[in-house]
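For reference, the structure is listed below as structure tokens.
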Ligand SMILES: NC(=O)c1ccc[n+]([C@@H]2O[C@H](COP(=O)([O-])OP(=O)(O)OC[C@H]3O[C@@H](n4cnc5c(N)ncnc54)[C@H](OP(=O)(O)O)[C@@H]3O)[C@@H](O)[C@H]2O)c1
């Protein structure tokens, strides 16, 4: 196939492009070139903010894959490109209600007709508007993959890499975890997402599907990370209200316990149904494999933790305070 990846110089788009190359397709990436495109692809440098951005990627494409957040970028692409099939990495942030558990694709979106005032700030609304443009142009030749948390090697957010890294490199005698028996994770390996999207592209199969990982109790996720890292030391589970009092962040970012979501308004975010994607052929590798490879990638990074998690000093201070 002739495959065009709109993006490809960052993480998810790069894995999509690399998967397409591995399958023997002829792959072009279109981006400004902030980073390199994967080996075996042709990089067309263009800025989607500018007129004529798609002039160098004319002709008929068997598949176009897009990771955009900005509906203006999507509109420009669907107007300019001649494609048999269009795949889009959207997000479960497109849904209106992140609180109710076990919702599926029938759940209401954020305002389906609205435009984001600033796609950088209004991520979910931006994805909704991107989806609208793609579905209007391609109909059932479009695959809209509403991804949940994506992880694995290359995860620059640090959310999927923190726990195996932390268990491999405890800051002291113990590792601090949230006491979160009722919480879940749904980690989708970026490589499983890419393989599935390329499978669909090769069949010309569309659809609007929640692409989420298998629902896993958070303690089981953390125990898997611990096993992968070979940690045999103590694990200290801190009560959720205490962590919140200490200003530990949920989910992501600095001074956080990544993947932990105590907020009752977000319990649906990590418990989406996911059965439609599995029925449509999305196959998940074991969580241990994702976390093992995430750890191997994290070990090669220049600084730890990056993107998310507690520094050694933060973890030690919290463990000391909890023991008092
Ligand atoms: N991480 C998660 O858990 C998660 C969950 C759900 C969905 N997602 C989605 O996954 C996608 C992540 O994609 P990604 O990792 O590849 O990261 P990204 O940083 O969103 O990549 C954006 C890509 O678009 C290109 N780009 C941005 N502005 C451009 C412009 N003006 N003109 C041309 N190209 C432009 C960038 O390349 P240049 O900078 O080189 O131009 C880059 O290749 C996003 O759509 C995100 O919404 C992520």
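The table for this structure:
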| item | result |
| --- | --- |
| Span from the the stretch 131-179 Cα centroid across to the the stretch 192-225 one, whole angstrom | 11 Å |
| Evaluated at q = 0.07, 0.13, 0.14, 0.15 Å⁻¹: base-10 log I(q)/I(0), Debye formula over Cα of the chain | -0.29, -0.96, -1.09, -1.21 |
| Sequence-separation-based contact order of the stretch 2-147, relative, with Cα cut under 8 Å and 6+ spacing, percent | 21 percent |
| Contour excess over end-to-end distance, with Cα ends at residue 169 and residue 300 and 0.36 nm allotted per residue | 45.8 nm |
| Per-residue Cβ neighbour rank within 10 angstrom, fewest leading, 150, 134 | 150, 134 |
| Per-selection metrics, the stretch 13-89 (Cα): Rg and Dmax in Å | 11.8, 33 |
| 222 nm mean residue ellipticity, helices alone, for the chain (DSSP H n ≥ 4; -39,500 (n - 2.57); rounded to 500) | -10000 deg cm²/dmol |
| For the stretch 103-119 versus the stretch 231-291, the gap between their alpha-carbon centres in whole angstrom | 24 Å |
| Relative contact order (%) - the chain, alpha-carbon pairs under 8 angstrom, separation at least six | 19 percent |
| Förster radius 56 Å - calculated FRET efficiency between residue 234 and residue 203 (Cβ-Cβ, nearest 0.05) | 0.65 |
| Among 267, 300, 249, residue whose mean-square fluctuation peaks in a GNM of the chain (springs only between Cα atoms under 10 Å) | 300 |
| Of 183, 50, 69, the one that fluctuates the most in a GNM where the chain has Cα springs shorter than 10 Å | 50 |
| Folded to 0 to 90 degrees: helix 123-138 orientation relative to the chain principal axis, Cα | 30 degrees |
| Residue among 199, 118, 312 with the largest mean-square fluctuation in a Gaussian network model of the chain, springs linking Cα atoms under 10 Å | 118 |
| Relative contact order (%) - criterion: Cα under 8 Å, at least six apart; region: the stretch 29-101 | 25 percent |
| Rule-of-thumb Rg ratio for the stretch 2-147 [Cα; 2.2 N^0.38 Å; N residues] | 1.03 |
| Expected-Rg normalisation [2.2 N^0.38 Å, Cα atoms] applied to the stretch 65-120 | 1.33 |
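Read-outs throughout are calculated quantities, based only on the coordinates presented, and are distinct from any laboratory measurement. The model shown is predicted, which means the values in this text are computed figures rather than measured ones. Note that each Cβ is placed from the backbone with ideal geometry, even for glycine, and that neighbours are counted across all protein chains shown.
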